[in-house]
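The values are calculated or read from the model by the stated rules, or taken from the named source; none is laboratory data. Since this is a predicted model, take the numbers as computed values, not measurements. Heads up, the Cβs are rebuilt from the backbone with ideal geometry, glycines too, and the neighbour counts pull from every protein chain shown. Heavy atoms of the whole protein, side chains included, go into the accessibility calculation; ligands, DNA and RNA do not. Shrake-Rupley method; radii C 1.70, N 1.55, O 1.52, S 1.80 Å.
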Amino acid sequence: MATGIPPSALSDQDLLRELGHLYATRMDALRHAAAQAFGEHTRRMNQLETEYLRRRPSREVDPERLREGARAR
């Protein structure tokens, strides 16, 4: 059963808001949600993240997040 607005139908602002809400509730879902609810949380998060990456294939990558940047620390 699909729930929520399809990620492709969300505005950029709504997509970022939805991702922020999912990240804010992730730990609670991990620790306290039933397996089915946690699976749905993960499914929706994956949908939204995939849509974000589709819209921003050339997003700015922080050099500190690359292996070379980590080694330089």
Inset, instruction - Using only Cα atoms, find the angle between the long axis of helix 35-55 and the longest principal axis of the chain, and express it within 0 to 90 degrees, rounded to the nearest 10. - result: 50 degrees
Legend entry - Cα-centred dipole magnitude for segment 1-42, charges only on beta-carbon of K, R (+1) and D, E (-1), debye, nearest 20: 160 debye
Inset, instruction - With percent of Cα pairs over 21 Å apart defined as stated, name the option among [x] 21; [y] 55; [z] 41 computed from the structure displayed. - result: [z]
Inset, instruction - With the full set of protein chains in place, find how many percent of the accessible area of the chain is carbon and sulfur; take the probe as 1.4 Å. - result: 54 percent
Inset, instruction - Could you work out which residue, out of E49, E40, E60, moves most in a Gaussian network model of the chain, that is, has the largest mean-square fluctuation with Cα springs under 10 Å? - result: E60
Inset, instruction - Determine how large the accessible area of L30 is when every protein chain is in place; take a 1.4 Å probe and give Å² rounded to the nearest 10. - result: 100 Å²
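With +1 on each Lys and Arg Cβ and -1 on each Asp and Glu Cβ, how big is the dipole of the chain about its Cα centre, in debye rounded to the nearest 20?
I would put it at about 260 debye.
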Legend entry - Those trypsin sites (Lys or Arg not before Pro) in segment 18-65 that DSSP places in a loop and that have at most 14 other beta carbons within 10 Å: R59
Inset, instruction - Could you work out the relative contact order of the chain, using alpha carbon pairs under 8 angstrom and six or more residues apart, expressed as a whole percent? - result: 31 percent
Inset, instruction - Kindly report the accessible area of the chain per residue (heavy atoms of protein chains, probe 1.4 Å, no ligands, DNA or RNA), in Å². - result: 80 Å²
Inset, instruction - Counting helices only, and only those DSSP H runs with n ≥ 4, report the 222 nm mean residue ellipticity of the chain as the sum of -39,500 (n - 2.57) divided by its residues, in deg cm²/dmol to the nearest 500. - result: -22000 deg cm²/dmol
Legend entry - Residue with peak Gaussian network fluctuation, the chain [Cα springs, cutoff 10 Å], from D12, D62, D28: D62
